[in-house]
Structure formats: C-alpha cells, structure tokens
Amino acid sequence: MGRAQVRLVDGEHVAETARYKQLAAEVRAAARAGEYGADGRLPSEEQLAARYGVSRGTVRHALTVLRAEGVVTSRRGTRRLLLDAPPLQSFAELMSFTRWARSLGETPGGRVVRQELRAAGPEEAAQLRVPEGSAVHWVLRLRTLAGRPVMVERTAYPPHVGALVSRMPPDTVSVSEQLEREGVLLADADHTVDLVTADQEDSALLGCPVGQALLRERRRSTDPAGAPVEWSEDRYLPGTVAFTVHNSVASNALTRHRAEP
C-alpha cells in the first residue's frame with residue numbers, strides 16, 4: 001500500500017510539473033504572437049487558470065518560469081509582457097542554434113562563408129585534445145533568423161568530424177542534426193560568455209559597425225564518451241539572444257572567471 005501511494009504521489013508531481021511547463025510554453029507563444037494586445041498586459045491568474053483549464057497554483061508556477069526567463073514582469077500588482085525582450089537560450093539544456101530557433105517559432109538559416117583545413121593553434125589543440133599543429137577542419141558560417149543575420153559562427157572540428165562536415169551542402173541549416181544522422185552525438189557542452197568588439201569580418205557579415213559590442217559564446221561540445229566534437233566561437237548581434245542559467249543550493253552550473261585582457 002505504501003509503495004502504491006508513493007507512486008501515485010510521484011505521478012501527480014510529474015503531471016503537475018509537465019502542466020506548468022506546458023502552460024509556460026503556451027503563454028510564451030501567445031505573447032510572441034501578440035494575443036495579449038498592444039500594451040502587453042497579461043490576464044489575471046484567475047483568468048489564465050480558466051482559459052487554460054488549470055489551477056491557479058499551476059499558473060503561478062508557469063509565471064515564475066516566465067519571470068525567470070524575462071518574458072513577464074510584475075508592475076504595481078499587474079503582470080506585463082516584455083515583448084521587446086530578446087529570445088532566450090537556456091544553458092540548462094543542450095540545444096543547437098537550429099533547435100533553439102525552431103522552439104521559438106523562428107526560421108533558422110545558415111551558410112558557409114568559407115572552410116579550410118588548418119593547423120591547430122594552442123587553444124584549438126587544448127579544446128579538441130589534438131596535437132598542436134595537427135590538422136583541424138575550420139568553418140566560418142553566418143547564421144540567420146527569418147533571413148536576418150544574427151550570428152557569426154567560427155568552429156573547429158577534429159579530423160574525423162571535419163571529414164563529415166566538409167561533405168555537407170554549404171546551406172545546411174543544422175550541422176548537429178546532420179552529424180547525429182552520421183552517428184556523432186553531442187551530449188555535453190561547456191560555455192563561456194563574454195563581450196567582444198566586431199572586427200572587419202564580423203562587420204561585413206552582420207552589417208554592424210567595426211567596434212560594435214557583440215555577445216560572444218565560446219563552446220566545447222563532447223560526445224557521450226567525453227570526446228570533443230567541436231570548439232566554437234559564436235558572435236551575436238546585441239538584442240538577438242539572451243542566455244539564462246538556473247542555479248540552486250544543490251546545484252550551481254554557473255562559475256565566474258576574471259575576464260581575459
């Protein structure tokens with residue numbers, strides 16, 4: 001009897017978690033579709049509960065998620081949508097640019113600007129665990145959302161992965177999805193985020209002034225065995241993406257480092 005009760009409680013907890021996450025996704029989508037009007041004012045908790053057929057507790061949990069994401073905020077007792085907030089990417093889940101964009105209802109795109117075999121420098125060698133000076137496959141790609149340039153991606157691959165990437169069409173939307181079809185899986189990633197200024201190449205591809213501040217994400221992805229699959233430096237235009245990190249007393253995924261000069 002006791003075990004059956006535990007299973008029932010666990011099942012209810014899982015169902016409740018699924019409901020508030022689903023509700024958060026539905027409210028987020030409605031917000032981006034402009035369903036709450038030009039002023040972006042959210043309905044009350046009671047109205048949301050009635051509209052979506054859930055409890056007010058589920059609504060509160062969903063709104064907590066959306067506040068943490070920067071989608072909604074409270075002002076003088078009312079909740080308003082931050083309609084001009086940039087799309088969010090969470091570090092709590094490993095998601096490619098393409099899958100992230102699709103999850104927001106955006107249309108991702110990309111094209112290879114150039115690619116080459118080149119000698120691994122000290123950083124590439126360390127991140128990919130290959131000898132310095134050995135050959136790596138390097139790719140420069142421009143990424144777009146709905147046809148708008150938003151990010152320049154510079155990625156180095158170890159030789160066995162680079163051989164697969166080199167055979168992909170230049171306009172391949174998702175390299176990671178293609179690699180998965182070839183049996184190369186991305187299981188884990190380490191991210192470092194900071195600011196850099198746009199160089200001549202960034203300026204030409206993104207249409208921004210030289211010296212413009214760009215959000216930079218450096219990322220090493222590994223396969224299920226822990227072997228490096230890619231080392232990438234992505235540079236985003238301001239206002240096109242924001243990153244979120246969830247911390248708790250039990251688990252802290254965020255560490256701080258002194259910025260490199």
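Observations, loosely collected:
- Subset of segment 179-190 [outside any loop (DSSP other than H, G, I, E, B), free of Cβ contacts under 8 Å to residues at least 24 places away in the same chain and open to solvent by less than 70 Å² (accessible area, probe 1.4 Å)]: Glu180
- Of the residues making up segment 132-141, those that are surrounded by 17 or more Cβ atoms within 10 Å (Cβ to Cβ) and of a type in the set (A, V, I, L, M) are Val136, Val139.
- When Met168 is tested against the conditions (1) closer than 14 Å to Gln115 by Cβ; (2) of a type in the set (A, V, I, L, M, F, W, C); (3) assigned to a strand (DSSP E or B), the lone failure is (3).
- Residue count for segment 102-136 under the criterion of being touching a Leu at 6+ places or on another chain (Cβ under 9 Å) and modelled with pLDDT under 80: the result is 1.
- For Arg219: the one exception among (1) out of contact with any His (no Cβ under 6 Å at 6 or more places or on another chain); (2) in a strand (DSSP E or B): (1)
- Filter result for the condition that a residue is modelled with pLDDT under 80 and either within 27 Å of Ala242 (Cβ to Cβ) or in contact with a Lys or Arg (Cβ under 9 Å, 6 or more places away or on another chain) (or both), over Ala25, Ala30: Ala30
- Residue satisfying all of: in segment 150-178; open to solvent by 50 Å² or more (accessible area, probe 1.4 Å) and out of contact with any strand residue (DSSP E or B) (no Cβ under 7 Å at 6 or more places or on another chain); nearest to Glu106 (Cα to Cα) among these: Gln178
- Scanning segment 107-129 for residues that are in contact (Cβ under 8 Å) with a residue 24 or more places away in the chain and either buried (at least 18 other Cβ atoms within 10 Å of the Cβ) or at positive phi (or both) turns up Pro108, Gly109, Gly110, Val112, Gln115, Ala120, Glu124, Gln127, Leu128, Arg129.
Each row is one residue, and each column tells you yes or no for (1) within 18 Å of Leu128 (Cβ to Cβ); (2) within 18 Å of the chain's Cα centre (by Cα).
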site	(1), (2)
Met151	no, yes
Arg154	yes, yes
Val161	yes, no
Pro169	no, no
Val173	no, yes
Arg181	no, no
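- Scanning segment 111-164 for residues that are over 14 Å from Pro228 (Cβ atoms), hydrophobic (A, V, I, L, M, F, W, C) and in a helix (DSSP H, G or I) gives Ala163, Leu164.
- Candidate set: segment 206-244, residues that are over 21 Å from the mean Cα position of the chain (by Cα) and under 21 Å from Pro108 (Cβ atoms); chosen: the one least open to solvent (accessible area, probe 1.4 Å): Cys208
- Scanning segment 33-62 for residues that are over 23 Å from Ala101 (Cβ atoms), of a type in the set (A, V, I, L, M, F, W, C) and modelled with pLDDT under 75 returns a single hit, Ala38.
The values are calculated or read from the model by the stated rules, or taken from the named source; none is laboratory data. If you're wondering where the values come from, they're calculated on a predicted model, not measured in any experiment. Counting neighbours? That spans all protein chains shown, and the Cβs are built from the backbone with ideal geometry, glycine included. SASA here: full protein model, heavy atoms, side chains in, ligands and nucleic acids out. Shrake-Rupley method; radii C 1.70, N 1.55, O 1.52, S 1.80 Å.
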